[in-house]
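Quick notes on the structure that follows.
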Amino acid sequence: MRVAFLIAFTVLFLSCKEKTVELPPLISTDHPAVLTQEFIYEIADAITPECHASTVEVSNGTVVASWFGGTEEKNKDVGIWVSRNTNGSWSTPIEVVNGVQDENTRHPCWNPVLFKPKGEPLYLYYKVGPSPQEWWGLYMTSNDDGKTWSEPIKLPDGILGPIKNQPIQLADGTILSPSSNETKSGEWTIHVEKSIDTAKTWTKTKPLNNPDTFGAIQPVVLNHGNGNLQLISRTKNEVVSQNWSEDGGVTWGEMTATSLPNPNSGVDGVTLKDGRHILIYNPTGKNWGDRVPLSLGVSKDGINWDRAIDLEPLRETTDKEGEEYSYPTVIQAEDGKVHLVYTWNRKTVKYLVIDPTKI
């Protein structure tokens, strides 16, 4: 069975490699805040035909990136891949885990999320299952900054882990993990999973939106200080949505619309050390239905957003059916620099380093 699968995968992979794919050229973002912009691997060197849902973390000075890759999203050969940048260059991506259950069963992997709690190993959360309606959450840890990983550990029933975006850790050590559910009937709801013992045990909130009003998934947590938190979510409703908490995430208010459009595509954001907030998003609505351009927004209050940089601008030759710059992950490292990864046409992962003092 394994030999037959490997042969079939090899044939499919080679057939995909032989196809001529017309892709737009890499455009350098001409903005003084952008210090580095590069592909984690060149398309010509791709080990898998497709990749998506990248994540990034800085662990003891090492930049670690992860994503899912295989022939195509939802296919059984999709696994979780990792590359490390230790001295200015990226290592060859390595598949660190797959969805093999037994000799007869393999499921796709989904949406890795890297996260480094204070004083703890590097965590890699991910999902396995036939679909987002049926997947379950797992995690692995690394004590050597992503070079090697523990065996996978399944999260408790009912706990999915961070669905797309990183957890945040509050000053008292509490970890808040933004999560969501998708049902077979098409309902999308968000919730927050909470740990007070450094990710050893978890509780979770009830759903924080009415799916008949907002169909929302993949929230981001922004920390406004003094117990004020903001959840920002992807929706089916042409807008980015928000929930607010005034008690450190114990309770949450009703979901409302922000002023930002959303073409049903993932967003991510981070609260900077200077108190401002960054959001990476596609500034298009449902009528466009595409994931280009990809922009960086900045806000002082989480309400009024300025579109500061188009990381991937709308090109004159843009084929809305073919181009995609999406599913960003953005973090701020200890030195203040902002690190950002995102899907580049599902063919590779683009990596940027940004100086937020120049935004």
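Which pairs break 22 Å Cα to Cα here: 206/236; 154/273; 164/184; 154/204?
Numbers: 206/236 20 Å; 154/273 33 Å; 164/184 19 Å; 154/204 16 Å.
Check vs 22 Å cut-off fails for 154/273.
Shape call for the range 27-358 from the C-alpha gyration tensor, a ≥ b ≥ c root eigenvalues: rounded (a/c under 1.5), prolate (a/b greater than b/c) or oblate? If you can, show how the numbers build up before the last one.
Working: a/c = 1.17, a/b = 1.03, b/c = 1.13.
Because its axes are fairly even, with a/c under 1.5, the range 27-358 counts as rounded.
I need the phi-derived Karplus couplings for the range 88-100: 6.51 cos²θ - 1.76 cosθ + 1.60, θ = phi - 60°, integer Hz, Gly and Pro marked x.
Karplus values, whole Hz, x for Gly and Pro: x, 9, 8, 6, 4, x, 10, 6, 9, 6, 10, x, 5.
Once phi is turned into ³J(HN,Hα) by the Karplus curve 6.51 cos²θ - 1.76 cosθ + 1.60 with θ = phi - 60°, what whole-Hz value does each residue of the range 277-285 show in order, with x for glycine and proline?
Residue by residue, the range 277-285 yields 10, 10, 9, 9, 7, 8, x, 10, x Hz.
When a/c reaches 1.5 or more, the comparison of a/b and b/c decides; with that in mind, is the range 220-273 rounded, prolate or oblate per its Cα gyration tensor?
Numbers: a/c = 2.78, a/b = 1.61, b/c = 1.73.
Oblate, since a/c reaches 1.5 and b/c is not below a/b.
Rounded to the nearest 500, what is the 222 nm mean residue ellipticity of the chain from helices alone, with -39500 (n - 2.57) per DSSP H run of 4+ residues and division by all residues? Write out the running numbers ahead of the final one.
Details: 1 runs with 17 residues, N = 359.
For the chain, the value works out to -1500 deg cm²/dmol.
If we sort 186-193, 62-69 on the protection proxy, mean other Cβ atoms within 10 Å, highest first, what's the order?
The peptides rank, most packed first, as 62-69, 186-193.
On the principal axes of its Cα set, how long, how wide and how thick is the range 43-166? Give whole Å, largest value first.
Cα extents, longest axis first: 40, 38, 25 Å.
Return a whole-number percent for the relative contact order of the chain, with Cα pairs under 8 Å and 6 or more residues apart as the contact set. Write out the running numbers ahead of the final one.
On the way: 924 pairs, mean separation 51.1, N = 359.
About 14 percent, as a whole number.
Amide H to amide H under 5 Å from residue 59: which residues, 5+ apart in sequence or cross-chain, H placed 1.01 Å off N in plane?
Long-range HN contacts for residue 59: 64.
Kindly identify the range 214-359 as rounded, prolate or oblate by the Cα gyration tensor criterion: order the square roots of the eigenvalues as a ≥ b ≥ c, call it rounded if a/c is under 1.5, otherwise compare a/b with b/c, prolate if a/b is larger, else oblate.
Values: a/c = 2.09, a/b = 1.28, b/c = 1.63.
Taking the square roots of the gyration eigenvalues as a ≥ b ≥ c, the range 214-359 is oblate.
Using DSSP to define loop residues, name the trypsin sites (Lys or Arg not before Pro) in the range 257-296 whose beta-carbon has at most 13 other beta-carbon atoms within 10 Å.
On the way: sites: 273, 276, 286, 291; in loops: 273, 276, 286.
Here the sparse-neighbourhood loop sites are 273.
So which trypsin sites (Lys or Arg not before Pro) in the range 152-186 pass both tests, a DSSP loop state and at most 12 other Cβ atoms within 10 Å of the Cβ? Working shown, then result.
Numbers: sites: 154, 164, 184; in loops: 164, 184.
When the trypsin sites (Lys or Arg not before Pro) of the range 152-186 are filtered for loop state and at most 12 Cβ neighbours within 10 Å, 184 remain.
Rule-based calculations on the coordinates, nothing more; no lab input. Fair warning: this is a prediction, and the values are worked out from it, not measured in the lab. Cβ atoms come from the backbone with ideal geometry, glycine included; neighbour counts cover every protein chain shown.
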